[in-house]
Amino acid sequence: MHSLTADDIVQLERGLPVQKQQMHGGQGTGFVVFEVNAPPSVVLTSLSKFEDYTKMIPVVRQAEVQTRQTRIDGSIIARVSYKISKFWLGLTASHVLNTAAGTVCFDLDQNSSRFLQEASGFWEVEQVQGKHADKSRVWLRASIRDRKSVV
């Protein structure tokens, strides 16, 4: 599922992110992966603080948690309203944190965006293999479809 080349690994080891995307008209997919000096549990805790995305993700200008529920299994379900980009575009997304899987999945709520028809993806956090017990590799994968491409 994760495909990194030898050059990508070297780039990560130098502390640089790897980013790849494909666009076809108004539809696209892509990922960015980077490494951080923190164990996966710490990174997942940060990713579960949706209201703090404004501090972590430059394109997120405002984040307001509408609902948040912790399930018996420890997973978290949240609905969050965002303002994104320099244009402060509004949208609402549903998130599911699964600590055991090391993922935070997200889906755009239907009709919450004037510009996007669909957006979904996930964060995945894994421990870097080898001598790096306190180093995590963080993936963000996403796919989008804008409203203009809807037939």
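What to note about this one:
- The test for being modelled with pLDDT of 90 or more, open to solvent by 50 Å² or more (accessible area, probe 1.4 Å), over 15 Å from the mean Cα position of the chain (by Cα) and farther than 19 Å from PHE115 by Cβ holds for ALA6.
- Test for THR99: is it among the hydroxyl-bearing types (Ser, Thr, Tyr), at negative phi and out of contact with any strand residue (DSSP E or B) (no Cβ under 8 Å at 6 or more places or on another chain): yes
- Subset of region 1-52 (residues that are of a type in the set (Asp, Glu) and either in contact with a Phe, Trp or Tyr (Cβ under 6 Å, 6 or more places away or on another chain) or within 20 Å of ARG141 (Cβ to Cβ) (or both)): ASP7, ASP8, GLU35
- Scan of region 108-144 for residues that are hydroxyl-bearing (Ser, Thr, Tyr) and over 13 Å from ALA38 (Cα atoms), ordered by number: SER112, SER113, SER120, SER143
- Residue within region 114-132 that is outside any strand (DSSP E or B), within 16 Å of the chain's Cα centre (by Cα) and of a type in the set (Lys, Arg) present: no
- Any chance ALA78 is surrounded by fewer than 17 Cβ atoms within 10 Å (Cβ to Cβ) and closer than 27 Å to ARG137 by Cβ: no
- Residue check, VAL43 touching a helix residue (DSSP H, G or I) at 6+ places or on another chain (Cβ under 9 Å), surrounded by 17 or more Cβ atoms within 10 Å (Cβ to Cβ) and hydrophobic (A, V, I, L, M, F, W, C): no
The values are calculated or read from the model by the stated rules, or taken from the named source; none is laboratory data. Since the structure is predicted, the reported quantities are computational estimates derived from the model, not experimental observations. When we count neighbours, we look across all protein chains shown, and the Cβ atoms used for this are built from the backbone with ideal geometry, even at glycine. To get the accessible areas, we keep the full protein, side chains included, count just its heavy atoms, and leave off ligands, DNA and RNA. Shrake-Rupley method; radii C 1.70, N 1.55, O 1.52, S 1.80 Å.
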